[in-house]
Amino acid sequence: MEFAKVNVEIRGGTGKGGSRKVRAGGRVPGVVYGRKAEPVSITFNEKELLSSLDKDKKRNTVLTLSITGGGKSEDVTAMVREAQVNPLSRRLVHVDFLRVDLDAEVHVTVPLVLTGKAVGTTNGGNLHQSMHFIPVAAKPAAIPTKLEVDVSALDIGDALHVSDLKLGEGVRAMLDPRDAIASVVAPKAEKVEAEAAPVEGAVPAEGAAGAAPAAGAAPAADAKGAAPAAGGKGEKKGK
């Protein structure tokens, strides 16, 4: 099976200084590792790599790296494992390539796409997508571009799980089959706390705090339950 080819060159200088020189020369530094082989520091042309990536699979594209340098040449089947991008220029800063065996599984993430319109949304529910990417294990040639699942039959309270995904032959999800991937939930009821305004002329309930004593009523008992003595009886008169 043939894959898109990217020409890369072995680089001698390593470290931040060497990487800066590579980028100053219009190339991108990187490394190729995996399959119990010694890591190889490389440089490559950014445009050549980007044009070789499948527009849908992107970093899940299987590539043939044609490595040259030091009087040697080698073709390596690899995939992009990690890519560092400058947040301002959006240019590649560094790329890690992973050697792969076409007969051995690799672990990658694949986009999850929901199709159809859930019936529950027409009944007032909200469609909630729990996952946007699914980690899968598959041989390089069997890696799907994306995983699609139809949510049309979902009503309020219904959910789809990992076990409902239709995976291609040789592809398995690296998740619990019971994990939810999409559901339709009822809209959250808004709690309205209405404060009752006092009615003019209303009589406070018996024992209500702050109620004024009736005219002519005896003073309330003190904290010990004894009412103050009338006229101050019991107080000692001064000589």
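Please treat every number below as a calculation from the coordinates, not as lab data. It should be emphasised that the depicted structure is a prediction, and the values quoted were computed from it without experimental measurement. Please note: Cβ atoms are built from the backbone with ideal geometry, for glycine as well, and neighbour counts cover all protein chains shown.
Rounded, prolate or oblate: which fits region 1-97 when a ≥ b ≥ c are the square roots of the eigenvalues of the alpha-carbon gyration tensor, with rounded for a/c under 1.5 and prolate only if a/b beats b/c?
It comes out oblate by the Cα gyration axes.
Output wanted: per-residue J couplings in Hz (rounded whole) for region 65-75, from phi through Karplus 6.51 cos²θ - 1.76 cosθ + 1.60, θ = phi - 60°, x for Gly and Pro.
Result, ordered by residue: 8, 8, 8, 10, x, x, x, 10, 9, 8, 9 Hz.
Might you report the magnitude of the Cβ-based charge dipole of region 50-97 about its Cα centre, with Lys and Arg at +1 and Asp and Glu at -1, to the nearest 20 debye?
Roughly 220 debye, rounded to the nearest 20.
Hey, got the dipole for region 25-66? About the Cα centre, +1 on K and R Cβ, -1 on D and E Cβ, debye to the nearest 20?
With Lys and Arg at +1 and Asp and Glu at -1, about 120 debye.
Within 13 Å, Cβ to Cβ, of residue 98, how many net charges do the neighbouring residues add up to if Lys/Arg are +1 and Asp/Glu are -1?
With Lys, Arg at +1 and Asp, Glu at -1, the neighbours total +1.
Please name whichever of 61, 159, 95 sits farthest to the positive end of the charge dipole of region 57-169, dipole taken about the Cα centre and charges placed at Cβ: Lys and Arg +1, Asp and Glu -1.
95
Could I have the simple spin-label model distance between residue 133 and residue 91, label points 7 Å from Cα toward Cβ, reported in nm to one decimal?
2.5
Treating only the Cβ of Lys, Arg, Asp and Glu as charged (+1, +1, -1, -1), what charge dipole size does region 36-125 show about its Cα centre? Round to the nearest 20 debye.
460
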